[in-house]
Amino acid sequence: MTAKLREIENRLVYMSFSTDVLHSGHIKMIKKAARLGRLVIGVLTDEAVASYKRMPLVPFAERKTLFANLQGVYKVVAQEELSYKKILAELQPYYVVHGDDWRQGFQKPVRDEVVSCLAEYGGVLVEFPYSHDEKYKQLDGRTREAMAMPDRRRGRLSRAIRLKGLITAIEAHSGLTGLLAEHTVIYEEGRAQQFDAMWLSSLCDSTDRGKPDIELVDITARLRTLDDIMEVTTKPVIFDADTGGLKEHFVYTVRTLERMGVSMVIIEDKTGLKKNSLFGTEVKQTQETIENFAEKIAAGKKAQKTTDFMICARIESLILERGMEDALKRAHAFIKAGADAIMIHSRRQEPDEVFEFAEKFRATDKCTPLVVVPTSYNQVTESEFKARGINVVIYANHLMRAGFPAMQKAAETILRNHRSLECDEICMPFKQIIRLIPAE
Ligand code: SPV
Ligand code: MG
């Protein structure tokens, strides 16, 4: 064999994969790529996949094994970032192979970076035509359906917190708002930005029914809303269970939520007639004793059947102006009773007290997830929360608050004009609204 031939055969060819499902289209591409030289497959780590699309269904180790056992694959490596920059600098492959679909759309910035990395050392980009086969779309649909099943959905919240450090949740109070939470996506620097989870707010569920947020909308009614949302979505759910009710009732709530696939229930340490926290001390609200609330948490933990269901204790000491020491004392006591996470709530305009709590809490507890609801101190960005040791940011009422003024304006516009023509410009075209719900 001539030296030239050997050199050609030994050329490294690099392809990167994030897919959960390997189909014949991928196999075809892999076969073609393997003919170019020694094929190295970069498998995106779970962290990398979660950071730019959704949580992977199949964990990294399994995806890696899958590729390692394919014919024509020389080696499998971990690609730790969406960007190819680091891995290309390390491997310096002669070829990078990709489908041509990334020439446009949100992956273009990633492609542009690959092109400039290859130019630095004279590498070549090979793009194979991307296959838009209907059957691959169906496969993807089936993967999504599997993600909606309770056992698949439930554990994804704690996994996402572990992988990403900080996750976000947006409120949903109906099937339609659930669809928005599920599908709203924006593209930024080659990444698809979307919400990780949904918040089943008691405030929004009550408001949507024209009722006050005082546990009047009971758990049976709340479960109806939950089921409507779960029917049309796949993302993990954080359920606002108010005070959790009586300990004897809470154990049933835990089992039901767990069975339905909810990932986390949050209960607040109040007793008696619960009022919304944003009222603070303007209304009469009573905080539960540490002992009683700890007992409720312990009973809930004992009742659950799986290991991935989380009970989060929500502390109202700052809302009710009971002080930082009380909030911290409660946090430690509730964790001792079995709480898997702590939500610290505040209604101040400034984040100072939440930051102080996080700092003091993290001084002794590095790992219990911390949850915040920054409705009033909404100037803080997600990256700042992350830097301060917060793990879950809940946007608790924004779809409800955005929807109501739009509906009110439409109603007033019709009344003012005695017809609906003028209203059209603020309404979604009816041709679009009938397509809003995806057909089976
Ligand atoms: C809710 O959304 O129902 C909450 C958060 O419990 S708050 O309204 O801020 O109390
Ligand atoms: Mg609530």
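The values are calculated or read from the model by the stated rules, or taken from the named source; none is laboratory data. Source: prediction; values computed, not measured. Every residue, glycine as well, gets a Cβ built from its backbone with ideal geometry; the counts of neighbours run over all protein chains shown. Please note that ligands, DNA and RNA were not included when accessible areas were found on the heavy atoms of the full protein model with its side chains. Shrake-Rupley method; radii C 1.70, N 1.55, O 1.52, S 1.80 Å.
Could you grab me the full set of residues in segment 169-191 that are assigned to a strand (DSSP E or B) and open to solvent by 10 Å² or more (accessible area, probe 1.4 Å)?
Answer for segment 169-191, where residues must be assigned to a strand (DSSP E or B) and open to solvent by 10 Å² or more (accessible area, probe 1.4 Å): 170, 186, 187, 188, 191.
Could you please find all residues in segment 227-269 being among the hydroxyl-bearing types (Ser, Thr, Tyr) and either under 21 Å from the mean Cα position of the chain (by Cα) or within 16 Å of ligand 2 (Cβ to nearest atom) (or both)? Break it down stepwise before answering.
So in segment 227-269, the residues among the hydroxyl-bearing types (Ser, Thr, Tyr) come out as 233-234, 243, 252-253, 256, 263.
Hits for segment 227-269 are 233, 234, 243, 253, 263.
Tell me which residues, restricted to segment 363-392, are of a type in the set (A, V, I, L, M), over 10 Å from residue 166 (Cβ atoms) and away from ligand 1 (no atom under 16 Å from the Cβ).
363
I'd like the full set of residues that are closer than 22 Å to residue 181 by Cβ, charged (D, E, K, R), more than 14 Å from ligand 1 (Cβ to nearest atom) and free of Cβ contacts under 8 Å to residues at least 40 places away in the same chain, limited to segment 212-256.
Matches in segment 212-256: 224, 227.
May I ask you to say which residue of 323, 300, 280, 338 is out of contact with any helix residue (DSSP H, G or I) (no Cβ under 8 Å at 6 or more places or on another chain) and more than 16 Å from ligand 1 (Cβ to nearest atom)?
Answer to the selection: 323.
Looking at segment 58-77, can you tell me whether even one residue there is buried (at least 20 other Cβ atoms within 10 Å of the Cβ), farther than 26 Å from residue 143 by Cα and of a type outside the set (S, T, N, Q)?
Scanning segment 58-77, I find no residue that is buried (at least 20 other Cβ atoms within 10 Å of the Cβ), farther than 26 Å from residue 143 by Cα and of a type outside the set (S, T, N, Q), so the answer is no.
Filter segment 287-297 down to residues that are open to solvent by 40 Å² or more (accessible area, probe 1.4 Å) and assigned to a helix (DSSP H, G or I) and give me whichever is farthest from residue 237 (Cα to Cα). Break it down stepwise before answering.
We begin by selecting, within segment 287-297, every residue open to solvent by 40 Å² or more (accessible area, probe 1.4 Å); these are 289, 291-292, 295.
Filter again for assigned to a helix (DSSP H, G or I), leaving 291-292, 295.
Values: 291: 28, 292: 26, 295: 24 Å.
Residue satisfying both the conditions and the ranking: 291.
Select from segment 185-207 the residues that are more than 13 Å from ligand 2 (Cβ to nearest atom) and either over 17 Å from the mean Cα position of the chain (by Cα) or at pLDDT 95 or above (or both) and list them in ascending order.
Matches in segment 185-207: 189, 190, 195, 196, 197, 198.
Pick from 284, 305, 366: which is open to solvent by 20 Å² or more (accessible area, probe 1.4 Å), touching an Asp or Glu at 6+ places or on another chain (Cβ under 7 Å) and among the basic types (Lys, Arg)?
305
Regarding residue 213, is this residue assigned to a helix (DSSP H, G or I), in the same structural domain as residue 306 (by TED's automatic domain parsing) and open to solvent by less than 20 Å² (accessible area, probe 1.4 Å)?
In short, no.
Residue check: is residue 121 in the same structural domain as residue 209 (by TED's automatic domain parsing) and either of a type outside the set (A, V, I, L, M, F, W, C) or farther than 24 Å from residue 202 by Cβ (or both)?
No: the conditions fail for residue 121.
Give, as residue ranges, the helices (runs of 4 or more DSSP H) completely inside segment 338-440 that count at least 2 residues that are closer than 29 Å to residue 228 by Cα and modelled with pLDDT under 95.
On the way: elements: 352-364, 382-387, 398-417, 430-433.
Those helices (runs of 4 or more DSSP H) span 430-433.
Those residues that are surrounded by 14 or more Cβ atoms within 10 Å (Cβ to Cβ) and on the phi < 0 side of the Ramachandran plot, I need them from segment 86-96; list them, please.
Once the filter is applied, which keeps residues that are surrounded by 14 or more Cβ atoms within 10 Å (Cβ to Cβ) and on the phi < 0 side of the Ramachandran plot, segment 86-96 yields 87, 88, 91, 93, 94, 95, 96.
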